[in-house]
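Down below is the structure, laid out as structure tokens.
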Amino acid sequence: MSQQVKIGKTDVTATALGLGTNAVGGYNLFPNLKDETGLDIVKTGVENGITLLDTAYVYGLGHSEELVGKAIKDFDRSKLVIATKGAHDFSTGEQVIKNDPKFLTEQVEASLKRLGTDYIDIYYIHFPDHDTPKAEAVGALQRLREQGKIRAIGVSNFSLDQIKDANADGYLDVVEDEFSLLHQDHGADMLPYLKENNISFVPYFPLASGLLTGKYTKDVNFPKDDIRSQIADFQEPRYSNILAAIDKVRPIADAHDATVAQTILAWYIKNPLISVVIPGAKKPEQVAANAKAMSVNLTDDEFKAIDAAFKGFKHITSGKSLADPD
């Protein structure tokens, strides 16, 4: 039985490893995506024991939600945890971020239709806007929860002050943000507050856009038109330091007959500050491989060894990593 975690103060429970679906129908984010592959990615996740599926309106402007909804029709809905997000308004032809209650209410209703379900397990405000008081925005979601349309309330990409405002009435259950062994600075200020207030934390980009899978080598070179050539993680001496830290994970992975990626994901699963980790995938095979991380049971010493290997990245401001699923 895979480890189950409780989301905030709610009765929503999910596997400690979920599936990020921005490459499922996210045609506006990634080139050459195929709907059939996206459907297979979601189905493979569920078939391999993953219960939490994380999507958003902005992934394909609703298309990811539609594909997730279609993919889950052959499964028991009551055993799945569907998370989606909203804040983007394209009605004027330009992207505008909105958190006002009326807009969020409309977005939840639209997401319900696209997903083909009568309730959403976790609904996140995807990004903060500049004008709406966050307690008012969350209050709108609380009213939808009272109507049975959502079960848990979340925010994504919020600062600590914005999180505190959003939780003014104690309604907030979960926060999602970028966090990885390479980008620990992103959550450093908020994690103590979340733990103190029984708010779950869900990190995205846990494999740092593939860097933490162990697939890169010292002699890799990116052409100037490859975005990775402009990313701090791939610049020296940081890049060599990352590879050195990954090399310290390899013996632990070997001891568990696991890959580096599975072992890194197992570190997140064991981390008491993290509720659900949501690596993405572009292929069904990646999902099946990631799911095996739920069977990698690190010892306390192994967890500490991985933590120590990446200690040098805890207080380095690194910026956001590549907008690519792991």
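Report, by residue number, each residue of region 62-96 that is hydroxyl-bearing (S, T, Y), in contact (Cβ under 8 Å) with a residue 40 or more places away in the chain and not in a helix (DSSP H, G or I).
Going residue by residue through region 62-96, those that are hydroxyl-bearing (S, T, Y) are 64, 78, 84, 91-92.
Right, trim to in contact (Cβ under 8 Å) with a residue 40 or more places away in the chain and you get 64, 84.
Passing the criteria: only T84.
Looking only at region 97-120, count how many residues are part of a helix (DSSP H, G or I), touching a strand residue (DSSP E or B) at 6+ places or on another chain (Cβ under 6 Å) and of a type in the set (K, R).
0
With (1) modelled with pLDDT of 95 or more; (2) within 22 Å of T51 (Cβ to Cβ) as the list, and P133 as the residue in question, which single condition is left unmet?
The single condition P133 does not satisfy is (2).
From the set of residues in region 86-107 that are among the small types (G, A, S) and surrounded by 14 or more Cβ atoms within 10 Å (Cβ to Cβ), which is nearest to E47 (Cα to Cα)?
G86
Return the total of residues in region 25-57 being among the β-branched types (V, I, T) and over 14 Å from the mean Cα position of the chain (by Cα).
5
Can you pull out every residue in region 29-66 that is more than 20 Å from S295 (Cβ to Cβ), polar (S, T, N, Q) and either surrounded by 17 or more Cβ atoms within 10 Å (Cβ to Cβ) or in contact with a helix residue (DSSP H, G or I) (Cβ under 8 Å, 6 or more places away or on another chain) (or both)?
T37, T55, S64
Can you go through A83, A110, A71 and tell me which one is of a type in the set (G, A, S), at pLDDT 95 or above and surrounded by fewer than 21 Cβ atoms within 10 Å (Cβ to Cβ)?
That would be A110, the only listed residue that is of a type in the set (G, A, S), at pLDDT 95 or above and surrounded by fewer than 21 Cβ atoms within 10 Å (Cβ to Cβ).
Which residue out of Y119, Y123 is among the aromatic types (F, W, Y) and under 19 Å from V202 (Cα atoms)?
So the residue among Y119, Y123 that is among the aromatic types (F, W, Y) and under 19 Å from V202 (Cα atoms) is Y123.
Contact list please: Cβ distance under 8 Å, first residue in region 143-162 and over 9 Å from Y123 (Cβ atoms), second residue among the aromatic types (F, W, Y), pairs at least six apart or on different chains.
Filtered contacts from region 143-162: G148/Y119; V155/Y124; S156/Y124; S156/F127; N157/F127; L160/Y193.
Hey, does region 303-313 have a residue that's crowded, with 17+ Cβ neighbours inside 10 Å, more than 22 Å from the chain's Cα centre (by Cα) and among the small types (G, A, S)?
Yes: one or more hits.
What single numbered condition from (1) crowded, with 21+ Cβ neighbours inside 10 Å; (2) among the hydroxyl-bearing types (S, T, Y); (3) within 24 Å of N271 (Cα to Cα) fails to hold for T10?
All conditions are met except number (1).
Can you tell me which residues in region 121-138 are hydrophobic (A, V, I, L, M, F, W, C) and either surrounded by fewer than 22 Cβ atoms within 10 Å (Cβ to Cβ) or in a loop (DSSP other than H, G, I, E, B) (or both)? Lay out the reasoning, then the answer.
Step one: of region 121-138, the residues hydrophobic (A, V, I, L, M, F, W, C) are 122, 125, 127, 135, 137-138.
Of everything in region 121-138, those that are hydrophobic (A, V, I, L, M, F, W, C) and either surrounded by fewer than 22 Cβ atoms within 10 Å (Cβ to Cβ) or in a loop (DSSP other than H, G, I, E, B) (or both) turn out to be F127, A135.
When residues of region 41-59 are filtered for being of a type in the set (S, T, N, Q) and in contact with a Ser or Thr (Cβ under 9 Å, 6 or more places away or on another chain), how many remain?
Filtering region 41-59 down to residues of a type in the set (S, T, N, Q) leaves 44, 48, 51, 55.
After this cut, where a residue has to be in contact with a Ser or Thr (Cβ under 9 Å, 6 or more places away or on another chain) as well, the list is 51, 55.
Residues flagged as of a type in the set (S, T, N, Q) and in contact with a Ser or Thr (Cβ under 9 Å, 6 or more places away or on another chain) within region 41-59 amount to 2.
Just checking: which of the strands (runs of 3 or more DSSP E) contained wholly in region 145-247 hold 2 or more residues that are under 24 Å from F310 (Cβ atoms)?
174-178, 200-204
With the requirement that a residue be under 19 Å from F310 (Cα atoms), in a helix (DSSP H, G or I) and either touching a Phe, Trp or Tyr at 6+ places or on another chain (Cβ under 8 Å) or without any contact (Cβ under 8 Å) to a residue 60 or more places away in the chain (or both), what does region 248-260 give you?
R250, P251, I252, A253, D254, V260
Starting from residues that are of a type in the set (A, V, I, L, M, F, W, C) and assigned to a strand (DSSP E or B), keep the ones in region 4-61 and report whichever is farthest from V287 (Cα to Cα).
Applying the filter and picking the extreme gives V5.
Across region 45-104, what is the total count of residues that are within 23 Å of E136 (Cβ to Cβ), of a type in the set (A, V, I, L, M, F, W, C) and touching a Lys or Arg at 6+ places or on another chain (Cβ under 8 Å)?
Total satisfying the criteria: 4.
If you take the residues of region 273-326 that are at pLDDT 95 or above, in contact with a His (Cβ under 9 Å, 6 or more places away or on another chain) and not in a helix (DSSP H, G or I), which of them is nearest to V46 (Cα to Cα)?
Per the stated criteria, the residue is V296.
The values are calculated or read from the model by the stated rules, or taken from the named source; none is laboratory data. Remember, it's a predicted structure, so these values are computed and weren't measured experimentally. Don't worry about glycine lacking a Cβ; one is built from the backbone with ideal geometry, like all the others, and counts go over all protein chains shown.
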